[in-house]
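The values are calculated or read from the model by the stated rules, or taken from the named source; none is laboratory data. Treat the numbers as computed from the prediction; the structure is a model and nothing was measured. Because the Cβ atoms are built from the backbone with ideal geometry, glycine has one as well, and the counts that use them run over all protein chains shown. Side chains included, ligands, DNA and RNA excluded: accessible areas come from the protein's heavy atoms. Shrake-Rupley method; radii C 1.70, N 1.55, O 1.52, S 1.80 Å.
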Amino acid sequence: MSERPIVLITLILLAALIQACADRAEREVVLTTDGNLLFYNGPALTTIGKQKVVAYLTSDGHIMVADVRTPEAPRIIHDFRDRLFDGPGRADDHAAPAIMASPDRQTFWLATAYHGTPLHLYQLDTGLNVVRRLSPVEGQFTYPRWVDYGDRIDLFIRDQSRGSGDLVSLSSQDDFQSTRTVLSGESGQYLYPGSFVRSGMRTATHYSHNRAADTRLRGWTLVEFEPTSGSRTRECDLSHLLGDDAASNRPTGLHVQGDRVTLATSVMTETEFSKPERAFTMENRVIIARGSLNDCASFAVIHAGEATAPYYHTSVAIDAQGWTYFDGDQAVSDPSEPDCFQNDRMLYPQRSAAGILYASLNDSIYEIRKFDNSLHL
């Protein structure tokens, strides 16, 4: 091939990239300049018809919801200001809410817990008014996750009220009136799950675990289970994929289609994990693997990349179309997409049909109770 066609193809691709970035810049909406997500808590964005609704936590402890079409008019749903710790006087980022459309697609359900506190559940109408506030569910809850099964929605959340970090579920089938333990940790052991997703009419997740005497997150287990009984139907130990130098790994994104599973975790070495927990000071290895639930030996790494962790280990978002994670001001995606994100210090992507929801730092500092973030879609 002569140089001329190569130059022409390059110019065409460059023009397409410029146009794609222009289109993204035109579409992208700043939802708030004071709001936060957490990759454990989700989804933070849900839809009913053409209505897109986002839920988030402000730095002063308010749980907010907003229609994406009018983000400048959010509604306060819950107030955690009485929970603010001494010191920075800002909210704990674990209180970030999770929101999901109801099975009949007429209302929204919102769940939030501060950090090892009672669980709060709200039902909202499409005007984002509170229809019902259920009585707080007593326990020490953290990390709410919704899963939609079509005829019902289930909420999965960690409860550490018995001296271990167990995973429990609540369901719209009984109006969220009972909790069921679906995965138990040993005494003094806390489960740290990545995403929860539907696997047929079962549930799949993957997790590492943290013992009280060791702040590092160990192991990598993929599990499918019956959501009502908690009985495990399929399980794979993927720890061998982490590498011999793994000191701590945090499972994040997960997608299941039939028996095919794509999942991600972020791994730190001992040197990186021991660094001070400041924003974008620690390097971690992003591992994305794929295989079959019917054959644990089939799992293999399909991507291994290096990224600067935003504070917690790097979060990877995965759906049927692909995966995305951020390395500071760079986006890494598959299938390869133009890196058209216009913000620095980006974190916590959530992929959906409505687009990629993510946060960015307004300041150089990020801590569990000291964050200053904007949200974008």
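At least 3 residues that are more than 20 Å from Arg145 (Cβ to Cβ) in each: list the strands (runs of 3 or more DSSP E) lying fully within region 57-118 that qualify.
Ranges flagged: 62-67, 75-79.
Go through region 342-367 and count every residue that is farther than 15 Å from Ala309 by Cβ and not in a strand (DSSP E or B).
Of the residues in that region, 7 qualify.
Would you mind finding the one in Tyr312, Tyr366, Tyr325, Tyr348 that is open to solvent by less than 50 Å² (accessible area, probe 1.4 Å), modelled with pLDDT under 95 and under 27 Å from Val223 (Cα atoms)?
Exactly one residue qualifies, and that residue is Tyr312.
In region 231-250, how many are closer than 19 Å to Met282 by Cβ, under 24 Å from the mean Cα position of the chain (by Cα) and among the charged types (D, E, K, R)?
1
With the requirement that a residue be outside any strand (DSSP E or B) and without any contact (Cβ under 8 Å) to a residue 60 or more places away in the chain, what does region 190-216 give you?
Phe196, Gly200, Met201, Ala212, Ala213, Asp214, Thr215, Arg216, listed by residue number.
When both residues are 6+ apart or on different chains and their Cβ atoms are under 7 Å apart, which pairs have a first residue that lies in region 252-271 and is free of Cβ contacts under 8 Å to residues at least 40 places away in the same chain, and a second that is open to solvent by less than 40 Å² (accessible area, probe 1.4 Å) and in a loop (DSSP other than H, G, I, E, B)?
Here the result reads Asp259/Leu293; Thr269/Ala247; Glu270/Ala247, each pair linking region 252-271 to a residue that is open to solvent by less than 40 Å² (accessible area, probe 1.4 Å) and in a loop (DSSP other than H, G, I, E, B).
Can you confirm whether region 215-228 contains a residue that is at pLDDT below 95, within 19 Å of Ile157 (Cα to Cα) and either of a type in the set (Asp, Glu) or open to solvent by 40 Å² or more (accessible area, probe 1.4 Å) (or both)?
Within region 215-228 (the criterion being at pLDDT below 95, within 19 Å of Ile157 (Cα to Cα) and either of a type in the set (Asp, Glu) or open to solvent by 40 Å² or more (accessible area, probe 1.4 Å) (or both)), the answer is yes, since at least one residue qualifies.
For His94, state whether it is in contact (Cβ under 8 Å) with a residue 60 or more places away in the chain and within 23 Å of Thr46 (Cβ to Cβ).
So His94 passes the test.
Restricting attention to region 287-331, which residues are in contact with a Gly (Cβ under 7 Å, 6 or more places away or on another chain), under 20 Å from Pro349 (Cα atoms) and in contact (Cβ under 8 Å) with a residue 40 or more places away in the chain?
Of everything in region 287-331, those that are in contact with a Gly (Cβ under 7 Å, 6 or more places away or on another chain), under 20 Å from Pro349 (Cα atoms) and in contact (Cβ under 8 Å) with a residue 40 or more places away in the chain turn out to be Val316, Ala317, Ile318, Trp323.
Can we say Ser187 is outside any strand (DSSP E or B), farther than 22 Å from Leu238 by Cα, in contact with a strand residue (DSSP E or B) (Cβ under 8 Å, 6 or more places away or on another chain) and open to solvent by 40 Å² or more (accessible area, probe 1.4 Å)?
no
Pairs under 6 Å by beta carbon, first residue farther than 14 Å from Ile356 by Cβ and touching a residue at least 60 places away in the same chain (Cβ under 8 Å) in region 28-54, partner open to solvent by less than 10 Å² (accessible area, probe 1.4 Å) and of a type in the set (Asp, Glu), six or more apart or different chains?
Listed pairs, sorted by first residue: Asn36/Asp93; Leu38/Asp93.
Conditions tested, residue by residue: (1) open to solvent by 10 Å² or more (accessible area, probe 1.4 Å); (2) within 14 Å of Leu222 (Cβ to Cβ).
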| position | (1), (2) |
| --- | --- |
| Ser239 | yes, yes |
| Gln257 | yes, no |
| Ala264 | no, yes |
| Met268 | no, no |
| Phe280 | yes, no |
| Ala320 | yes, no |
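Based on what the data block shows, is Ala297 surrounded by 21 or more Cβ atoms within 10 Å (Cβ to Cβ), out of contact with any helix residue (DSSP H, G or I) (no Cβ under 7 Å at 6 or more places or on another chain) and assigned to a strand (DSSP E or B)?
Spelling it out, it is not the case that Ala297 is surrounded by 21 or more Cβ atoms within 10 Å (Cβ to Cβ), out of contact with any helix residue (DSSP H, G or I) (no Cβ under 7 Å at 6 or more places or on another chain) and assigned to a strand (DSSP E or B).
Does Glu224 satisfy the condition of being assigned to a loop (DSSP other than H, G, I, E, B) and more than 27 Å from Leu347 (Cα to Cα)?
no
Glu283 is checked against (1) more than 27 Å from Ser169 (Cβ to Cβ); (2) assigned to a strand (DSSP E or B); (3) out of contact with any Ser or Thr (no Cβ under 9 Å at 6 or more places or on another chain) and fails just one. What number does that condition carry?
For Glu283, the failing item is (3).
How many residues does region 34-56 hold that are among the aromatic types (Phe, Trp, Tyr) and either part of a strand (DSSP E or B) or open to solvent by less than 10 Å² (accessible area, probe 1.4 Å) (or both)?
Residues flagged as among the aromatic types (Phe, Trp, Tyr) and either part of a strand (DSSP E or B) or open to solvent by less than 10 Å² (accessible area, probe 1.4 Å) (or both) within region 34-56 amount to 2.
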